Amino acid sequence: MLRTTTLVISLSFTTTALHAPTLPAPAQFPGGCGTRLDADDAPFARSLNDQGLYLAPLPESTLDVPLALHIVRRSDGSGGIETTQLITAIANLNTSFSRVGIRFYIQGPTDEIWDDNFYTSITTQAGIDALRRTNRLENAINIYFTESFSSGPGPLCGIASFSFSPVQGIVLANGCAGVSYNRATFPHEIGHSFDLFHTHETMFGFECTSGVNCSTAGDLVCDTPADPHIGYHNMNGGCTYVGREIDPCSGTPTYNPDVLNIMSAAPRLCRTRFSLGQIQRMLATLVTLRPGLLTYCRADLDRSGSLDIFDFLLFQTMFTRADPAADLNLDTRFDVFDFLAYQNLYARSCN
């Protein structure tokens, strides 16, 4: 059974600063990233890169990008991600993207999907795609939070779509977002949505540690060092690479990967930053390949495609209930400035 409701959330929380982590055991992390660059898609992905589409001029101001949130619950309405955890997940996401020049906001009422099959029974790519086709909102990044899912032998934390993927949307396991031990998965999957590959990507060939082929191999981003696929197996108890993998180009163990990069497979507490090249690629993807994300009218809260009195009345209701979509200035508070911001957007027809 599918139902759509408005999720009421109080946005009272504190964001803490990141410190050098002491890493917990791998067993605390319930899965990894399921986003993969398929061999069939690799030639097209390379053609986008070769055309220079990821080198488009950068915007001069912060770009606001809408998220459509979908909370999967059991068929009886129980379960689902906790509202405070959801708030923290969005806050952590915006913190990770503060240097990128992208700010995320929630577009319209949060959707709820009451379905046992989607809650814990997704075990195939087809099941993941079926969820991502449910109650989609166009011209927004659709995020589906569910209890657990997989597409193979083990559980996944998240899976996303590249701009050229046939099925769009991000699925996140509830235990992998808005939690103290994992601030990396959500921005990692958003990075994929803006056409970032894993720093250990090999579909285009192995990147030499010298960087001589950095624009045609690896993740195609030259300021991310060659990555031999770092993880718990070749890092110490902190965020230090101790592996001795052999560079296929030089035949010597000369890897010096960026263990702090969000798009790596390093322990999640290590991953806190994007490189400047990755930032360039994400902004170019947004402006050039996902321009629809920049056209949504934030004041069109009932998603009708036009502004009318019903949008204004819905905003008043959301404002009274402290729905996340009513926090128009993204300061996690509900006050007169949000009300004035909505009036301004409404009067300008969101232009």
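Selection among 102, 127, 91 by position relative to the dipole of segment 76-127 gives 102 as farthest towards the positive end (Cβ unit charges, Cα centre). Net charge in the neighbourhood of residue 297 (other residues with Cβ under 13 Å of its Cβ; Lys, Arg +1, Asp, Glu -1) is -3.
Just to confirm a number: summing +1 for Lys and Arg and -1 for Asp and Glu over residues other than residue 261 whose beta-carbon lies under 15 angstrom from that of residue 261, what do you get? After counting each charged neighbour, the total is -1. Averaging the sequence gap over all C-alpha pairs within less than 8 Å and six or more residues apart, then dividing by the number of residues, gives the chain a relative contact order of 20 percent. Exposed loop sites are taken as trypsin sites (Lys or Arg not before Pro) in a DSSP loop (any state but H, G, I, E or B) with at most 13 other beta carbon atoms within 10 Å; the longest stretch of the chain without one runs 134-243. Under a 5 Å amide H cut-off, with hydrogens placed 1.01 Å from N, residue 114 pairs with 3, 73 among residues at least 5 apart or on other chains.
In this structure, the amide hydrogen of residue 172, modeled 1.01 Å from its nitrogen in the peptide plane, lies closer than 5 angstrom to those of 144, 145, 146, counting only residues at least 5 positions away or on a different chain.
A 1.4 Å probe over all protein chains sorts 235, 203 by accessible area into 203, 235, starting with the largest.
Enter the angle in degrees (range 0 to 90, nearest 10) between the Cα long axis of helix 336-347 and the first principal axis of the Cα atoms of the chain, meaning the one along which they spread out most. Value to nearest ten degrees: 80. Which ³J(HN,Hα) values, rounded to whole Hz and listed in residue order, are derived for segment 295-302 from phi using the Karplus coefficients 6.51, -1.76 and 1.60 in 6.51 cos²θ - 1.76 cosθ + 1.60 with θ = phi - 60°, glycine and proline given as x? Values, residue by residue: 10, 6, 8, 5, 7, 7, 6, 8 Hz. Other residues lying with their Cβ under 14 Å from the Cβ of residue 334 contribute a combined charge of -3, Lys and Arg counting +1, Asp and Glu -1.
Taking the 1.4 Å solvent-accessible surface of segment 272-317 as the whole, the part contributed by carbon and sulfur is 62%. Please work out whether segment 245-291 counts as rounded, prolate or oblate from its C-alpha gyration tensor, where a ≥ b ≥ c are the square roots of the eigenvalues and a/c under 1.5 means rounded, while otherwise a/b larger than b/c means prolate and anything else oblate? Cα axes put segment 245-291 in the oblate bin. Here the dipole of segment 88-244 is about 300 debye; that uses its Cα centre as origin and unit charges on the Cβ of Lys and Arg (positive) and Asp and Glu (negative). Couplings 3J(HN,Hα) of segment 149-164, computed from phi: 6, 7, 9, x, x, x, x, 10, 8, x, 8, 9, 10, 6, 4, 9 Hz, in residue order, whole Hz [Karplus 6.51 cos²θ - 1.76 cosθ + 1.60, θ = phi - 60°; x for Gly and Pro].
Taking amide hydrogens as placed 1.01 Å from N in the peptide plane, the amide H of residue 105 sits under 5 Å from those of 65, 67, each at least 5 positions away in sequence or on another chain.
Any idea which of 283, 340, 306 is furthest toward the positive side of the dipole for segment 283-351, if Lys and Arg beta-carbons carry +1 and Asp and Glu beta-carbons -1? Sorting the options by dipole projection puts first 283.
Dividing the summed -39500 (n - 2.57) terms of all DSSP H runs of n ≥ 4 by the residue count of the chain sets its mean residue ellipticity at 222 nm at -6500 deg cm²/dmol. Accessible surface computed residue by residue for the chain, with neighbouring protein chains in place and a 1.4 Å probe, gives 43 Å² per residue.
The values are calculated or read from the model by the stated rules, or taken from the named source; none is laboratory data. Just so you know, these numbers come straight off a predicted model, no measurement behind them. Methodologically, a virtual Cβ is constructed for each residue, glycine included, from the backbone with ideal geometry; neighbour enumeration extends over all protein chains shown. Calculation scope for accessible area: heavy atoms of the full protein, side chains included, ligands and nucleic acids excluded. Shrake-Rupley method; radii C 1.70, N 1.55, O 1.52, S 1.80 Å.
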